[in-house]
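Here's the structure, in structure tokens; my notes come after.
We did not get these values from a lab; they are worked out from the coordinates using the rules stated. All values reported here derive from a predicted model rather than from experimental measurement. In this analysis, Cβ positions are derived from the backbone assuming ideal geometry, glycine residues included, and neighbour counts consider all displayed protein chains.
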Amino acid sequence: MTIETLKDALPDYARDLKLNLSSLAQEAVLTEQQRAGTFIACALAARNEKTTRAVTASFAPALSPEALSAAKAAAAIMGMNNIYYRFTHLASAPDYKTLPARLRMNVIGKPGVDRADFELWCLAVSAINGCGTCIDSHEKVLRDAGLTAEQIQAAVRIAAVVHAIAATLDGEAHSADVAAVTLAA
């Protein structure tokens, strides 16, 4: 499965997603590694098997083994951190914000790729997972590293489209299951 087969799997009502996917796959404000890693980290965060297979098949060849591992690590570590830091942000009791997380996050310090690229992938996954604390933290690191608002926005646009594609495919699969049950009844 590739990006083209992924676009073919989308229903007609999701035409805008197909168009956005095509343009973002060629997004010029990001390096090839930034773009490919963002797609892969976001596909993993979006949790749809078809999306993950197609994105990985299309973008993994553009990455070194270390960069592919780092993109996967960004999705994994942010899956944990986004839950934890969203909780500390949303909890009414202020003491949670001052307690140490006591969660291992070694990969953030040594991701195996350029730190800015890893941070970009973490920010995109944080956008999917809805953690404002993590978004702010990673955005600051990226700005301090010299990335532009346009580069950061491009990564978030990839996150938005990949997540929407995954949600659409999940919805279509659910609709097909409901229709099959209805017909069988």
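Points to keep in mind about this one:
- Considering only Leu99, Leu90, Leu19, the mean-square fluctuation computed in a Gaussian network model of the chain, springs between alpha carbons under 10 angstrom, is largest for Leu99.
- Thr31 sits among other residues whose Cβ lies under 12 Å from its own Cβ, and their net charge, with Lys and Arg +1 and Asp and Glu -1, is -3.
- Considering only trypsin sites (Lys or Arg not before Pro) in DSSP loops that have at most 16 other Cβ atoms within 10 Å, the longest stretch of the chain without any of them is 105-185.
- With both labels modelled 7 Å from their Cα along Cα-to-Cβ, the Ala28 to Ala145 distance reads 2.4 nm.
- In this simple spin-label approximation, Lys110 and Glu4 carry label points 7 Å from Cα along the Cα→Cβ vector, and these lie 4.2 nm apart.
- Fraction in percent of alpha-carbon pairs per bin - 10 Å, the range 17-163: 12, 44, 32, 9, 2
- Gyration tensor verdict on the range 1-100 (Cα atoms; rounded if a/c is under 1.5, prolate if a/b is larger than b/c, oblate otherwise): prolate
- Cα gyration tensor, the range 59-99 - rounded (a/c under 1.5), prolate or oblate: prolate
- Cα-based shape type of the range 12-62, given that a ≥ b ≥ c are square roots of the gyration tensor eigenvalues and the cut on a/c is 1.5: oblate
- Unmatched cysteines, the chain - criterion: no other Cβ of a Cys under 4.7 angstrom: Cys42, Cys122
- In the structure shown, the pairs Lys50/Lys97; Lys50/Lys140; Lys7/Lys140; Lys72/Lys140; Lys7/Lys110 are assessed against 26 Å; a Cα-Cα span above that value is assigned to Lys50/Lys97; Lys50/Lys140; Lys7/Lys140; Lys7/Lys110.
- Net charge of neighbours whose Cβ lies under 14 Å from the Cβ of Tyr96, counting Lys and Arg as +1 and Asp and Glu as -1: +2
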